[in-house]
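**Q** Take this structure first; my questions come after.
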Amino acid sequence: MAQSAGGSLHDEGGDAAHHHSIAGQDQRSDADIFAQAAAALGRPKAGWVSSFVLHAPLELLARAGLLPLVEPGARVQVHARMLGIGRDYAAAKQEAAAIDPLDFADAEAALARLRHAIDAGDAAGADACVEWLSRTCDPLEMVQGLTDLVLPRLSAAAHGSIFLYQIPRVAPRSRPAAAMARNLVRLMAESPTAVLTWQKSRENSRSDSGLGAGMLPALCRQRRSDYNAGGSIQPMMAHVEANGLAASIIGAALPGLTVAQATRDLLRVAARSMLQDDPQHAPYGWSHCLTMPQAALGIARDSADPAGAMAIAGTYVLGFRVALGAREIDPTWVPASISGDARGKLDGNPGEAAAGMWFAMDEEVEGLARLLATRAAVHADAHLAKYTLACFDATAADPGAGRLYLAAAAYLGAWWRRKAGGG
């Protein structure tokens, strides 16, 4: 599978929107379905929000990103999932109070006011700034302007980078999609001090350690000790910043490192964590271990400090390894080959599904990937959709490790099927 799964949706009613004819079913375009769901998600909530509300924009983007790969007969089911996200979000309580719209001379002024509002804990003010940006600016311009503001923040479960990474790939012209950032910035303003800072004071001198000789094996060796973050992302990352691990392990490898190198090695460690480490953390720990650094690295090109984005991505992988790792990761590991056809193995337990994908014949891979995409896009869990799309994107960026990423996606899909079956 050589191409990214993320297909681009266009503005509702745009002449580039693709229409799919399904007899007796809703024949609206993917873009129309997306726009209807996104419109509901553009109305922010206030105060504490549920996991569903937090993830809703990311779930919608992930399901839309998988649409180009799903089996034709499943498109209506994916559309139904997308519309359901909008309905459930609209029905969620804690609607934020209406804001007084602001006006700005340009995007730079709006972004300056936004930074001040977030730092001051002014959620309504931050919301008003993003409302203007999403209504006035090109969505890609808005994403670029938000990059350095969002990258280091651990509020909103540090998911802001995933949102910024997906918008240009899935809905680059959609104003309803851009407006979904309103809830994100409100959450940031409600926790203005939840920010990674070590990367600002990192050493800038060149190091002989290099990624391959230093950070990669160090990350593979990391495992949990007596530290317990309780499953929350923010304390995991704050912990490895506070104890100096991020600076000593990640910081030492940054000089001379490229974004492409960091993407290759950090995401390979993340995918191997899914396949080799404690399976109880597969759905929410090891899935985030891939999606979060991938996003930070994916928006590094829009940052004034790409090395800082790499530092943040490395901190994410390190934080998950230290908090959740039960064993060291073997970078040369491959699953044991088992008998049977690849399609049948995908219906087995997580280890069998991973092996089936890893050892499938080249001519089988496209069909198997389509099956993975379809199952993830129609499944109820948001993280499975996010993770499967992330694995396809990682395969496109690092085809030499494509079987690794596809095997990891197959593993998580089988994990969820086993949970549903009680096995």
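For (1) in contact with a Pro (Cβ under 8 Å, 6 or more places away or on another chain); (2) buried (at least 23 other Cβ atoms within 10 Å of the Cβ), each residue gets a yes or a no:
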{"site": "Asp122", "(1), (2)": "no, no"}
{"site": "Gly125", "(1), (2)": "no, no"}
{"site": "Gln144", "(1), (2)": "no, no"}
{"site": "Leu149", "(1), (2)": "no, no"}
{"site": "Ala158", "(1), (2)": "no, yes"}
{"site": "Arg175", "(1), (2)": "yes, no"}
{"site": "Arg186", "(1), (2)": "yes, yes"}
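**Q** Another question about this same structure. Looking only at segment 353-395, how many residues end up being without any contact (Cβ under 8 Å) to a residue 60 or more places away in the chain and among the acidic types (Asp, Glu)?
**A** 3
**Q** Just checking, how many residues over segment 260-278 are closer than 20 Å to Leu389 by Cα and surrounded by fewer than 18 Cβ atoms within 10 Å (Cβ to Cβ)?
**A** 1
**Q** Right, next: Would you call Ser8 over 19 Å from Met180 (Cα atoms), assigned to a loop (DSSP other than H, G, I, E, B), modelled with pLDDT under 90 and hydroxyl-bearing (Ser, Thr, Tyr)?
**A** no
**Q** Pairs only if they're at least six apart or on different chains, beta carbon under 8 angstrom, first in segment 402-423 and among the aromatic types (Phe, Trp, Tyr), second not in a helix (DSSP H, G or I); list them, first residue then second.
**A** Pairs that qualify, where the first residue is among the aromatic types (Phe, Trp, Tyr) and the partner is not in a helix (DSSP H, G or I), are Tyr405/Asp398; Trp416/His379; Trp416/Asp381.
**Q** Here is a further query. Would you mention how many residues in segment 310-338 are part of a loop (DSSP other than H, G, I, E, B) and not aromatic (Phe, Trp, Tyr)?
**A** Matching residues across segment 310-338 total 13.
**Q** Kindly list, by first and then second residue, each pair from a residue in segment 86-103 that is over 17 Å from Ala37 (Cα atoms) to a residue that is outside any loop (DSSP other than H, G, I, E, B) and of a type in the set (Phe, Trp, Tyr), limited to pairs with Cβ atoms under 9 Å and residues at least 6 apart or on different chains.
**A** From segment 86-103, the pairs are Pro101/Trp132; Leu102/Trp132; Asp103/Trp132.
**Q** Identify all residues within segment 252-264 that are closer than 16 Å to Ala300 by Cα and in a helix (DSSP H, G or I); write none if there are none.
**A** Selection gives Val259, Ala260, Gln261, Ala262, Thr263, Arg264.
**Q** What are the residue pairs meeting all of these: first residue in segment 217-234, first residue on the phi < 0 side of the Ramachandran plot, second residue modelled with pLDDT under 90, Cβ atoms under 9 Å, and 6 or more apart or on different chains?
**A** Within 9 Å, the pairs are Ala218/Ala252; Ala218/Ala253.
**Q** Regarding segment 206-213, can at least one residue be identified that is at positive phi and either modelled with pLDDT of 90 or more or part of a helix (DSSP H, G or I) (or both)?
**A** The answer is yes, given that some residue of segment 206-213 is at positive phi and either modelled with pLDDT of 90 or more or part of a helix (DSSP H, G or I) (or both).
**Q** Please pick out the residue among Ala326, Ala313, Ala307 that is exposed (fewer than 15 other Cβ atoms within 10 Å of the Cβ) and hydrophobic (A, V, I, L, M, F, W, C).
**A** The unique qualifying residue is Ala326.
**Q** In the list Ala380, Ala401, Ala420, which residue meets the criterion of being outside any helix (DSSP H, G or I), surrounded by fewer than 22 Cβ atoms within 10 Å (Cβ to Cβ) and not aromatic (Phe, Trp, Tyr)?
**A** None of the other options fit; the residue is Ala380.
**Q** Pick out, from segment 94-162, the helices (runs of 4 or more DSSP H) lying fully within it that include 1 or more residues that are touching a helix residue (DSSP H, G or I) at 6+ places or on another chain (Cβ under 9 Å) and basic (Lys, Arg).
**A** Where helices (runs of 4 or more DSSP H) fall fully within segment 94-162 and carry at least 1 residues being touching a helix residue (DSSP H, G or I) at 6+ places or on another chain (Cβ under 9 Å) and basic (Lys, Arg), they are 107-119, 123-136.
**Q** What single numbered condition from (1) within 20 Å of the chain's Cα centre (by Cα); (2) surrounded by fewer than 23 Cβ atoms within 10 Å (Cβ to Cβ); (3) under 17 Å from Arg375 (Cα atoms) fails to hold for Leu66?
**A** (2)
**Q** Same structure, new question: All but one of (1) under 28 Å from Leu140 (Cα atoms); (2) surrounded by fewer than 24 Cβ atoms within 10 Å (Cβ to Cβ) hold for Gly251; which doesn't?
**A** Status for Gly251: all satisfied but (1).
**Q** Scan segment 302-313 and tell me whether some residue there is within 21 Å of Ala410 (Cβ to Cβ) and either assigned by TED's automatic domain parsing to the domain that holds Leu404 or touching a Lys or Arg at 6+ places or on another chain (Cβ under 8 Å) (or both).
**A** Taking every residue of segment 302-313 in turn, none turns out to be within 21 Å of Ala410 (Cβ to Cβ) and either assigned by TED's automatic domain parsing to the domain that holds Leu404 or touching a Lys or Arg at 6+ places or on another chain (Cβ under 8 Å) (or both).
**Q** Just give me the residues in segment 383-398 being surrounded by fewer than 21 Cβ atoms within 10 Å (Cβ to Cβ), touching a helix residue (DSSP H, G or I) at 6+ places or on another chain (Cβ under 7 Å) and assigned to a helix (DSSP H, G or I), in sequence order.
**A** Ala397
**Q** Give Trp333, Trp358, Trp286 a once-over and let me know the one that is touching a helix residue (DSSP H, G or I) at 6+ places or on another chain (Cβ under 9 Å), surrounded by 15 or more Cβ atoms within 10 Å (Cβ to Cβ) and within 21 Å of Arg224 (Cβ to Cβ).
**A** On inspection, the qualifying residue turns out to be Trp286.
**Q** Anything in segment 290-313 that is closer than 14 Å to Gly251 by Cβ and under 15 Å from the mean Cα position of the chain (by Cα)? List them, or say none.
**A** Ala309, Ile312, Ala313 - these are the residues of segment 290-313 that are closer than 14 Å to Gly251 by Cβ and under 15 Å from the mean Cα position of the chain (by Cα).
**Q** OK, next. Within segment 83-92, identify whether any single residue is in a helix (DSSP H, G or I) and within 20 Å of Met142 (Cβ to Cβ), and answer yes or no.
**A** There is no residue in segment 83-92 that is in a helix (DSSP H, G or I) and within 20 Å of Met142 (Cβ to Cβ).
Residue-wise test of (1) in a helix (DSSP H, G or I); (2) over 15 Å from Tyr387 (Cα atoms); (3) at pLDDT 95 or above.
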| residue | (1), (2), (3) |
| --- | --- |
| Gln27 | no, yes, no |
| Ala31 | yes, yes, no |
| Phe34 | yes, yes, yes |
| Trp48 | no, yes, no |
| Ala56 | yes, no, yes |
| Glu59 | yes, no, yes |
| Ala64 | yes, no, yes |
| Leu67 | yes, no, yes |
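The values are calculated or read from the model by the stated rules, or taken from the named source; none is laboratory data. It should be emphasised that the depicted structure is a prediction, and the values quoted were computed from it without experimental measurement. Virtual Cβ from ideal backbone geometry, glycine too; neighbours counted across all protein chains shown.
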